[in-house]
1. Quick one: would you say residue 200 is under 30 Å from residue 94 (Cα atoms), more than 14 Å from the chain's Cα centre (by Cα), at pLDDT 95 or above and assigned to a strand (DSSP E or B)?
2. Which residues, taken from region 22-49, are at pLDDT below 95 and either under 15 Å from residue 295 (Cβ atoms) or assigned to a helix (DSSP H, G or I) (or both)?
3. Output the qualifying pairs, or none if there are none: Cβ atoms under 9 angstrom, residues six or more apart or on different chains, first residue in region 189-200 and over 17 Å from residue 23 (Cβ atoms), second residue loosely packed, with under 13 Cβ neighbours inside 10 Å.
4. For region 294-342, which positions are in contact (Cβ under 8 Å) with a residue 40 or more places away in the chain, more than 23 Å from residue 167 (Cα to Cα) and part of a loop (DSSP other than H, G, I, E, B)?
5. Quickly run through region 166-188 and pick out the residues that are surrounded by 16 or more Cβ atoms within 10 Å (Cβ to Cβ), assigned to a loop (DSSP other than H, G, I, E, B) and in contact with a strand residue (DSSP E or B) (Cβ under 8 Å, 6 or more places away or on another chain).
6. For residue 87, indicate whether it is on the phi > 0 side of the Ramachandran plot, touching a residue at least 12 places away in the same chain (Cβ under 8 Å), surrounded by fewer than 18 Cβ atoms within 10 Å (Cβ to Cβ) and touching a helix residue (DSSP H, G or I) at 6+ places or on another chain (Cβ under 9 Å).
7. Name the residues in region 150-165 that are outside any loop (DSSP other than H, G, I, E, B) and in contact with a strand residue (DSSP E or B) (Cβ under 7 Å, 6 or more places away or on another chain), would you?
8. For residue 291, are the conditions met, namely being part of a loop (DSSP other than H, G, I, E, B) and either over 23 Å from residue 23 (Cα atoms) or assigned by TED's automatic domain parsing to the domain that holds residue 224 (or both)?
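The values are calculated or read from the model by the stated rules, or taken from the named source; none is laboratory data. All of these numbers come straight from a predicted model, not from anything done at the bench. Cβ sites come from the backbone with ideal geometry, for glycine too, and all protein chains shown count toward neighbours.
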C-alpha cells in the first residue's frame, strides 16, 4: 500500500496534551458493522463478550530523559536512554540519543548529578554510553530521569505524568513510550472484566522510540521498521490456547499487543501462539493476514504512521477513514493521552 493512503488532517487542538481527569472517563468510539457508537472506557466490560481473552502489555516506561552538563565546561546536554546493553548495579552500558550545544564525541564526559556518563561509541543517530555513580545505576536513573513524553505533546513532563504515563499494571521496566491503550484501564475495570468471565493475560513488548518515527518511504512495505524487544511467555501461550478451545475471541489492548501476538503466531497451528523471546521488526498493514487477534482497543494515531496501518488491518482503509472522520467531527481527543477506539471484530 502507498503511505499517502494513511494521511488525514489532524486538527492541532484535538491532540490531547493531558490525560482525561480519570482513566476510565476517556471517550470510546465503537466501530461496528452497522455504524459507530459513542461510549466511555468505563463501559468496556459490557462491550467485550463473556469468555473472551484480553491481552495486555505489562511493559513499564523508563524515566529515560536525563538532563545534565558536559565535563569540563558545563555545557547543557540531554540523553534519552533507549535500551540497556550490558552491565548491572554500579555500572551499565546503554544505547541512547544525545543532544548538546556541540557534537558529542567518543570519550566525552557527562554529569547528571550523582549519575555520570562517558560516551563509548557514536553511530548515525545513536550513542553508546557508560553510566555509573554512587549507587545502583537503575535507581539513579529513576531518581534523576524525567518521563519521556512524546514530542508531539509539546510540553515538558510534570509530576502527574509519572503516574498517568504508566499503565496501572506495568511490571517490566524497558519502554521509552507507554502502550497508550493500556493507560485507560484501572484495577476496578480489570476486576469488572473478571466478574464477566473474561480472562486476562500479559505479554511484554518494550516500546521503542521508533514508534514515533515518520514513514518516509512511498510504499509502506519499503519502510525500515524499528526493532522492539518482546517476551511472550508460556502463560500467555496457554491462555490463547484456552480461548481457542472455548471458541472465544482474543482481544488486544493496544497495537503493541497485536504486534506481540502476531510476531509469536504459531506457523503450524492457526490461531495459536508460541513462546517468543527476542526482537521483532514485524510491520502490519492491509494485505497482511492477522493470524491471532480478533478484536482491538486502541488510541487514535498520527497520520501516516505504522500504527495507523496496523489498525487498517482490522477495518480496511475506507472504514478507517470513516471512523477517523467521525472522531474528528465529534471532537474526540487524539494520540497518547487521548480517547480510544474499540473494534469488536475484524471488518477488513
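1. On the way: under 30 Å from residue 94 (Cα atoms): no; more than 14 Å from the chain's Cα centre (by Cα): yes; at pLDDT 95 or above: yes; assigned to a strand (DSSP E or B): yes.
So residue 200 does not fit the description; no.
2. Filtering region 22-49 down to residues at pLDDT below 95 leaves 33-35.
Across region 22-49, the qualifying residue is only 33.
3. Pairs that qualify, where the first residue is over 17 Å from residue 23 (Cβ atoms) and the partner is loosely packed, with under 13 Cβ neighbours inside 10 Å, are 196/46; 196/50; 197/50; 198/50.
4. Answer for region 294-342, where residues must be in contact (Cβ under 8 Å) with a residue 40 or more places away in the chain, more than 23 Å from residue 167 (Cα to Cα) and part of a loop (DSSP other than H, G, I, E, B): 303, 304, 330, 331.
5. Scanning region 166-188 gives 166, 167, 169, 170, 176, 177, 178, 179, 185.
6. Working: on the phi > 0 side of the Ramachandran plot: yes; touching a residue at least 12 places away in the same chain (Cβ under 8 Å): yes; surrounded by fewer than 18 Cβ atoms within 10 Å (Cβ to Cβ): yes; touching a helix residue (DSSP H, G or I) at 6+ places or on another chain (Cβ under 9 Å): yes.
So residue 87 fits the description; yes.
7. Just the residues of region 150-165 that are outside any loop (DSSP other than H, G, I, E, B), to begin with: 151-153, 161-164.
Across region 150-165, the qualifying residue is only 152.
8. On the way: part of a loop (DSSP other than H, G, I, E, B): yes; either over 23 Å from residue 23 (Cα atoms) or assigned by TED's automatic domain parsing to the domain that holds residue 224 (or both): yes.
Yes.
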